[in-house]
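Read through the structure below, which is laid out as structure tokens, and then see the notes.
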Amino acid sequence: MSTLIDGKALSLSLKEQMRDRIVELEAKYGRKPCLAVIIVGDNPASRSYVRGKIKAAEFTGMDSRLVELPEDVSQDGLLDVIAGLNAEAAVDGILVQLPLPKHIDEDKVIDSIAIEKDVDGFHPQNVANLWLGRKCIVPCTPKGIITMIESTGVDIQGKKAVVIGRSNIVGKPVAKLLLDRNATVTIAHSRTKDLAKVAAEADILVAAVGRPKMVTADMVKPGAVVIDVGINRISVPGPDGEPVNKLVGDVDFDAASQVAGYITPVPGGVGPMTITMLMENTIECFLNRQ
Ligand code: GUN
């Protein structure tokens with residue numbers, strides 16, 4: 001049986017520390033860090049994530065601003081809103097919730113965010129700095145994953161780490177962060193040959209593919225640290241036979257937790273840590289701007 005890496009509890013403890021920190025920052029600098037979150041349209045999953053981000057900001061005591069734009073806002077309309085927030089001295093962090101509607105070019109939007117306010121760490125200059133090993137804002141989900149691995153006390157150095165998934169938001173940056181900590185890193189993906197065999201060699205396994213329960217127990221090395229980044233909404237039969245929605249990860253938790261040394265749950269694992277790292281990044285941007 002494995003030890004649970006409780007992202008919810010770890011998040012709560014970090015956010016409580018931030019609450020004290022923000023009181024000190026306000027006393028020292030005369031204002032609090034401020035996060036602006038922009039959401040376009042009403043995708044229910046995006047709305048739920050954004051609500052979580054604003055709620056976390058309120059919990060820590062920082063200032064926050066929610067900008068809600070209609071699904072049919074023009075690209076120029078969105079870029080104007082970002083330009084306004086870029087210019088506003090009281091705003092430290094700007095996050096545009098992704099994905100955006102198809103008529104908007106996501107790259108243009110990310111490129112338009114002032115680098116010093118890029119709390120997501122998605123701006124190409126930030127990404128370049130991460131890969132060059134320079135000072136940067138580290139993307140929230142990868143930063144949360146590393147914090148969770150480190151919370152186990154397992155030393156990353158020299159370990160075999162396998163990251164399944166190669167997205168710009170999770171797979172690639174988390175691989176770089178593991179490499180920075182001297183892990184031997186493999187990035188696996190949908191075309192990887194013998195994925196099960198590759199995964200089963202990992203001391204640290206990060207699943208970020210977006211396929212419900214694709215990591216089965218035979219893909220987990222006994223004692224491994226397993227980080228499940230997936231948030232998949234599936235329909236399962238409820239108590240009276242009616243279909244009900246359920247959140248599941250990319251890992252078959254019940255089976256994998258019999259084999260792993262440490263494992264994150266879904267929900268209550270990577271999700272809350274991502275939001276907490278966003279709060280940390282907002283404080284970091286605030287400090288960088290002083
Ligand atoms: N959509 C899914 N994950 C993220 C994230 O980390 N940041 C933003 N801006 N949008 C997302």
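No lab work stands behind these numbers, since they all come straight from the coordinates. Since the model is a prediction, treat every value here as computed from it, not as a measurement. No Cβ is skipped: glycine too gets one built from the backbone with ideal geometry, and neighbour counts run over all protein chains shown.
Summarising the strand pairing of the chain, around 15 percent of its internal DSSP beta bridges are antiparallel. Length gained on full extension, LEU287 to ASP72: 73.9 nm, using 0.36 nm per residue less the C-alpha separation. Which of the listed residues, ILE82, ILE5, PRO33, is farthest toward the dipole's positive end in region 1-124, when Lys, Arg count +1 and Asp, Glu count -1 at the beta-carbon? So the residue furthest toward the plus end is ILE5.
When only the Cβ of Lys, Arg, Asp and Glu is charged (+1, +1, -1, -1), the dipole of region 62-202 relative to its Cα centre reaches about 1080 debye. The alpha carbon radius of gyration of region 152-290, expressed as a multiple of 2.2 N^0.38 Å, is 1.14. What percent of all Cα-Cα pairs in region 35-130 falls in each 10 Å bin, counting up from 0? With 10 Å bins starting at 0, P(r) equals 15, 50, 32, 2.
The stretch between ALA27 and LYS108 holds 25.4 nm of extra length on full extension. This uses 0.36 nm per residue minus the Cα-Cα distance. Relative to the Cα centre, the charge distribution of the chain, modelled as +1 at Lys and Arg Cβ and -1 at Asp and Glu Cβ, gives a dipole magnitude of about 640 debye. Per-residue ellipticity at 222 nm, computed for the chain from helices alone with -39500 (n - 2.57) per DSSP H run of at least four residues, works out to -12500 deg cm²/dmol.
Quick one: net charge around CYS136, please, counting Lys, Arg +1 and Asp, Glu -1 for every other residue with C-beta under 12 Å from its C-beta. That works out to -1.
Residue-wise HN-Hα couplings along region 211-227, as the Karplus relation 6.51 cos²θ - 1.76 cosθ + 1.60 with θ = phi - 60° gives them from phi, are 10, x, 6, 6, 8, 9, 4, 5, 8, 10, 6, x, x, 5, 8, 10, 10 Hz; Gly and Pro carry x.
Considering all alpha-carbon pairs of region 141-191, what whole percent are spaced by more than 17 angstrom? Counting pairs separated by more than 17 Å, the tail of P(r) holds 28 percent. The slack in the chain from SER235 to ALA128, taken as 0.36 nm per residue of separation less the alpha-carbon distance, amounts to 34.5 nm. Restricting the calculation to alpha carbons of region 68-197 gives Rg and Dmax of 17.3, 52 angstrom.
Under a cut-off of 15 Å between alpha-carbon atoms, report the aspartates and glutamates in cross-link reach of LYS15, not counting same-chain residues fewer than 8 places apart. Straight-distance partners of LYS15: ASP6, GLU24, GLU58, ASP63, GLU280, GLU284. Relative to its residue count, the chain spans a Cα convex hull of 143 Å³ per residue.
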